[in-house]
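Below: the structure, in structure tokens.
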Amino acid sequence: MRIIYKTLLYLFLIFFSTIPVRALTDTEIEGLIGRMSIEEKVGQLLIFGIGGRQVGSVPKAHITKRFVGGLILYDRNIRVPAQVAALTVGLQQVAQQTPNAIPLFIAIDQEGGTVARLRKGATVLPGNLALGATRSKALAAKAGELTAIELAAVGVNFNFAPVMDINTNPNNPVIGVRSYGESSDLVSELGTAYIRGLQRNGVLATAKHFPGHGDTNVDSHKKLPIVRHDKKRVNTVELAPFRAAIKANVAAIMSAHILYPALDNEMPATLSYPILTRYLRQLLGYNGLIITDDLEMKAIDDQYEIGEAAVLSIQAGADMVIVASTLKKQQRVYNALRQAVRNRRISEIRLNESVLRILKSKNAYGIFEKPINPIENPNAINSPLSVVGSSAHREIAQTIATRAITLVKNTKGLLPLSEEPQEPVLLISPSRDFSNTFLKAHTDLTHITPVFIPAQVDAELLAPQLLITKPSVIVAGIVNAQQADLIHLLSQKTDVPIIVISLKSPYLFSRCPDVACAIAAYDGNYFSMAAAVDVLLGKREAIGKLPVTIP
């Protein structure tokens, strides 16, 4: 199958290299807008999700009949880099067959950490909270650069990253480790470094989620959150990273599906003229692209008919709307926007403003000039695909993970552990990968008993069973609250010292405060697990600093 994908990619790229493409002048862009039909202009406002890993009938219809400005790739569209490259080439090829041959934005959520669509064969970096623990602008910039290089190699030109939300709420169910931390200065510094690294390498960055999703205890995928801070607080805290992003010339800002009564007591930010136009455009002076978060999220979709929501968002000041999954809803959005222009709910002047921003952004990032990087032979050592998941990139990922590891607590001075333990060690692991990483680092496994625990555990039932082995020390990896509660129960039932490693949020330590040693790894990928084990065994020092306060 991999050979088939590479063969298709090769054929597509040979074809594509014959298409005469170049950057446009401002005059040519204005002339292009003058030639576009209303349908083509409306289509440019759309970013749709598609199904499948090949160019099927639905994406073809989106491009040739609805003239979409962009498509977004999700896990369902992605297997390996060569396949993604073949897909993006095919999509851009279809776009070249439209009347004005306008190339596509091809977007993705490649934040790193828990949110990364391109995984197999690529370099998946530790997430933003790990970067926050490094306190390194240089590493944040390198993360942006590395991400852009790998995305561009597979034909993705628009990244919906970085998250610029300040995670001031430990109970936030959707941001958490996706944020750089709880400090507006830290989020601003690392986020802008990432933006510059990404955009210097030809991929549009997106600061999200405006005006801030960090202090919520509701997930907008499920329900409409409300942030009740007064205007002074919002201006000084939540908006600070977005001001910094604007100063860094971020290409796009994504709106949040959140109600901010101090800014607009009726409409969520995505549909709010006061927030998107008065605040973002006029007060903050932002002239780049404003895009909505997915309109199919329940915070919007449960409250508004989706076609009407799209119209309201454009009226509010958004340039592009995302509809991630459902074909019927995508069709409704396109038809609703087209009808809104026809009946003048959206004036053609207003429509042209957004189309101009979209086309200028595509032009500025070379998307007209190079819809996709020409690759003569995907199998060649010097092929652009060769950088994806390269050893050099993996070294950078390992450096970030290693510098992030934070020793939160070490009351009994247990560290370092021996590579050849002489007393029984109970290893409680949330994944086979963590267990294997720990075991491979030891030269003698005689006294180590590994036990896998699922995401959902019955702590009262499991705790006594775990202690049957009569360990001299317990090493536990955790990724969620139930596992943290199990560790807390163990700490109440035994005097055996417990070392706990959080492979996700460091806030989990607040649920097991009586452990002897706590290490924050921030991520469950290989790089972070390997770095945590190195600290356990004294091979490296933990130099990371907590970017959030643990209650």
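The values are calculated or read from the model by the stated rules, or taken from the named source; none is laboratory data. Quick caveat: nothing in here was measured; it's all calculated off a predicted structure. Methodologically, a virtual Cβ is constructed for each residue, glycine included, from the backbone with ideal geometry; neighbour enumeration extends over all protein chains shown.
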Could you list, in sequence order, all residues of region 148-185 that are at negative phi, out of contact with any helix residue (DSSP H, G or I) (no Cβ under 6 Å at 6 or more places or on another chain) and part of a helix (DSSP H, G or I)? GLU150, LEU151, ALA152, ASP185
What's the number of the condition LEU204 fails, among (1) in contact with a Phe, Trp or Tyr (Cβ under 7 Å, 6 or more places away or on another chain); (2) farther than 27 Å from ASP264 by Cα; (3) surrounded by fewer than 24 Cβ atoms within 10 Å (Cβ to Cβ)? (3)
Number of the condition not met by ALA262 [criteria: (1) in contact with a Lys or Arg (Cβ under 8 Å, 6 or more places away or on another chain); (2) closer than 28 Å to ARG196 by Cβ; (3) surrounded by fewer than 22 Cβ atoms within 10 Å (Cβ to Cβ); (4) among the small types (Gly, Ala, Ser)]: (2)
Can you tell me which residue in region 281-297 is surrounded by the most Cβ atoms within 10 Å (Cβ to Cβ), limited to those that are among the aliphatic types (A, V, I, L, M) and closer than 8 Å to ILE322 by Cα? ILE291
What is the number of the single condition among (1) touching a helix residue (DSSP H, G or I) at 6+ places or on another chain (Cβ under 9 Å); (2) in contact (Cβ under 8 Å) with a residue 40 or more places away in the chain; (3) farther than 27 Å from ALA364 by Cβ; (4) part of a loop (DSSP other than H, G, I, E, B) that VAL237 does not meet? (4)
Given (1) in contact (Cβ under 8 Å) with a residue 12 or more places away in the chain; (2) surrounded by fewer than 24 Cβ atoms within 10 Å (Cβ to Cβ); (3) farther than 22 Å from GLN422 by Cα, where does GLN483 come up short, assuming only one miss? (2)
Matching entry among VAL42, VAL58, VAL84, VAL89 (being assigned by TED's automatic domain parsing to the domain that holds ALA318, surrounded by fewer than 22 Cβ atoms within 10 Å (Cβ to Cβ) and either in contact with a helix residue (DSSP H, G or I) (Cβ under 9 Å, 6 or more places away or on another chain) or in a loop (DSSP other than H, G, I, E, B) (or both)): VAL58
Of all residues in region 367-397 being small (Gly, Ala, Ser) and modelled with pLDDT under 95, which is surrounded by the most Cβ atoms within 10 Å (Cβ to Cβ)? SER383
Taking LYS504, is it of a type in the set (Lys, Arg) and surrounded by 14 or more Cβ atoms within 10 Å (Cβ to Cβ)? yes
Under the condition of being outside any loop (DSSP other than H, G, I, E, B) and either under 12 Å from the mean Cα position of the chain (by Cα) or at positive phi (or both), which residue from region 92-128 is surrounded by the fewest Cβ atoms within 10 Å (Cβ to Cβ)? VAL115
Subset of region 292-326 [closer than 22 Å to LYS41 by Cβ and assigned to a helix (DSSP H, G or I)]: ILE306, GLY307, GLU308, ALA309, ALA310, VAL311, LEU312, SER313, ILE314, GLN315, ALA316
If you check every pair at least six apart or on different chains, which have Cβ atoms under 6 Å apart with a residue in region 388-409 that is closer than 15 Å to GLY132 by Cβ first and a residue that is modelled with pLDDT under 95 and among the acidic types (Asp, Glu) second? none
